[in-house]
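Contents: one structure, followed by commentary.
The values are calculated or read from the model by the stated rules, or taken from the named source; none is laboratory data. Just so you know, these numbers come straight off a predicted model, no measurement behind them. All Cβ positions, even for glycine, are placed from backbone atoms using ideal geometry, and neighbour counts span all protein chains on display.
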C-alpha cells in the first residue's frame, strides 16, 4: 500500500510541472530521461534546456514590469513592441519646443552627447538657425531633442532644460542593456540616415579637419532602447564616452 501511495505521489508531483519547462530555480525537466537537470544540456541524452518564456516586459516610459500577455501598459498606455534584443522598443514622438532667444544674436546654446557636462560637447547652436526642435525625453536637468539646424542638418542632442522654451518632455526610464557591435560601425546623431553622422574635428597645420567617428567590431556598448530599427546606446569612441545611434543589425546582446 505504501508503494502505491508513493507512486501516486510521485505522479502528482511530476504532473504539477509542465514538461520541458524551466523552473524558477533554473532547473528544467528532461522529458526523454524523466529527470530534472540544471545544466544547459542533459548529460544522459543530450537534450537542450528549453527556452524560458518571458514572464514580463518592461514599459520604456514608466519602467514598470508588465505581464507578458498585456499588449499595453496599464499605467500609461504604452504599446508592447517586439524588440531585436532584451532592450525595449519605443516610438519617439516628442513635443514641439524651441531654443530660448539670447540677447546677443552671436551667442549659442551648448549641447552635449549625454545628460551632463561629463559628456563631450555636441556643438553650440544659435536659436535663430534651429528651424525645428522636438523635445523627445527628459533626464534630470537635461532634455534630449531632435533638432534641424540650417548649417549642419538634423541631430538628436542634449540641452539643459533651461535652454528650451518648453521643457515639458516626459522622463524616460533609461535602463541599460549590455551589448557589443558586430562590425565596424559609424554612429549617427539619430535613428536613420537622414541624421548627421558623428564626426570629430581636429586642428592640424592651421586647418580644421573633419573625420567620421567609427567604433570597431566587438566594442562594448550599453543599449537603452530601440527605435526605427536603430539602438540608442552609450559607448567609448575618439570623442570620449558619448550617446548616439547604431543600426540594430550591427548590434548583438552580450553573452
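Taken over the range 159-172, the residue count meeting the criterion of being over 19 Å from the mean Cα position of the chain (by Cα) and not in a loop (DSSP other than H, G, I, E, B) is 6. A residue that is at pLDDT 50 or above, in a loop (DSSP other than H, G, I, E, B) and in contact with a strand residue (DSSP E or B) (Cβ under 6 Å, 6 or more places away or on another chain) can be found somewhere in the range 6-27.
With respect to residue 203, is the statement that it is more than 21 Å from residue 115 (Cβ to Cβ) and modelled with pLDDT under 95 true? So residue 203 passes the test. The range 173-255 holds strands (runs of 3 or more DSSP E) entirely within its bounds, and those carrying 2 or more residues that are in contact with a helix residue (DSSP H, G or I) (Cβ under 8 Å, 6 or more places away or on another chain) and surrounded by 19 or more Cβ atoms within 10 Å (Cβ to Cβ) map to 230-237. Going by the conditions given, is residue 130 modelled with pLDDT of 95 or more, outside the structural domain of residue 196 (by TED's automatic domain parsing) and crowded, with 21+ Cβ neighbours inside 10 Å? Criteria not met by residue 130. Between 137, 72, which is more than 19 Å from residue 190 (Cα to Cα) and either touching a strand residue (DSSP E or B) at 6+ places or on another chain (Cβ under 6 Å) or outside the structural domain of residue 191 (by TED's automatic domain parsing) (or both)? Step by step, each of 137, 72 is checked, and only 72 is more than 19 Å from residue 190 (Cα to Cα) and either touching a strand residue (DSSP E or B) at 6+ places or on another chain (Cβ under 6 Å) or outside the structural domain of residue 191 (by TED's automatic domain parsing) (or both).
The single condition among (1) touching a residue at least 12 places away in the same chain (Cβ under 8 Å); (2) surrounded by fewer than 17 Cβ atoms within 10 Å (Cβ to Cβ) that residue 97 does not satisfy is (2).
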